[in-house]
Amino acid sequence: EPACGEGHISKLLDGDVWSTDLIFRGYGNMADVDFLDDQSFAHAHYKTVITNPPFALFQEFVEKALKVANKKVIMFGKLQALEGQKRATFLQTTPLKTVYVFKKRQQPLRNGSDIDELTGKKMNSSTMAFAWFVWEIGYAGDPIIKWI
């Protein structure tokens with residue numbers, strides 16, 4: 001997981017998980033590792049790359065992950081990642097197999113909680129729609145949309 005943050009995704013995964021982040025947030029195998037620029041990833045290959053990338057770098061993370069993954073790339077991102085002429089054109093050329101759209105709005109900025117950590121009060125729901133985007137290396141069909 002190349003943008004592991006505090007390890008919320010990595011901690012749920014079984015097996016050998018390599019977790020890194022550009023900024024050390026208390027979790028991961030390495031800190032100060034830039035997945036997009038670090039030459040140590042230039043020839044690396046992984047079975048699966050899974051992460052919640054910074055939204056502004058969503059496409060860049062997908063591009064890099066597709067170069068280093070042998071089986072799957074899984075990204076948690078805003079549903080609006082499907083929008084935009086440049087990004088849509090890019091996605092049409094990738095092996096994007098399934099987009100799992102959350103029926104309920106998610107709270108990723110608050111680690112999934114709707115309770116403010118400082119005040120202990122319930123916060124308003126998120127106004128952002130999220131999905132899991134799953135690429136399977138070698139897949140050539142149209143993307144499938146599912147709801148979770």
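The values are calculated or read from the model by the stated rules, or taken from the named source; none is laboratory data. Values in this document were obtained by computation on a predicted structure and should not be read as measured data. Note: ideal-geometry Cβ built from the backbone for every residue, glycine included; neighbour counts use all protein chains shown. These accessible areas exclude ligands, DNA and RNA; they are computed on the full protein's heavy atoms, side chains included. Shrake-Rupley method; radii C 1.70, N 1.55, O 1.52, S 1.80 Å.
Quick one: in region 90-126, which of the residues that are at pLDDT 95 or above and out of contact with any strand residue (DSSP E or B) (no Cβ under 7 Å at 6 or more places or on another chain) is surrounded by the most Cβ atoms within 10 Å (Cβ to Cβ)? The extreme case among them is Leu91.
Using the structure shown, decide if Asn70 is within 23 Å of Tyr139 (Cα to Cα), surrounded by fewer than 15 Cβ atoms within 10 Å (Cβ to Cβ), of a type in the set (S, T, N, Q) and in contact with a strand residue (DSSP E or B) (Cβ under 6 Å, 6 or more places away or on another chain). Criteria met by Asn70.
I'd like to verify a number: residues in region 27-53 that are open to solvent by less than 60 Å² (accessible area, probe 1.4 Å) and not polar (S, T, N, Q), how many? Break it down into steps so the answer makes sense when it comes.
First, pick out the residues of region 27-53 that are open to solvent by less than 60 Å² (accessible area, probe 1.4 Å): 28, 31, 33-36, 38, 41-42, 44, 48-51, 53.
With the extra rule that they be not polar (S, T, N, Q), the set shrinks to 28, 31, 33-36, 38, 41-42, 44, 49-50, 53.
Count: 13.
Taken together, the residues in region 127-148 that are touching a Leu at 6+ places or on another chain (Cβ under 7 Å), modelled with pLDDT of 95 or more and in a loop (DSSP other than H, G, I, E, B) amount to 1. Of the strands (runs of 3 or more DSSP E) contained entirely in region 4-113, those carrying at least 3 residues that are in contact with a helix residue (DSSP H, G or I) (Cβ under 8 Å, 6 or more places away or on another chain) and under 15 Å from Trp132 (Cβ atoms) fall at 69-78.
Gln59 satisfies every condition listed in (1) without any contact (Cβ under 8 Å) to a residue 40 or more places away in the chain; (2) open to solvent by less than 60 Å² (accessible area, probe 1.4 Å); (3) over 12 Å from the mean Cα position of the chain (by Cα) except (3).
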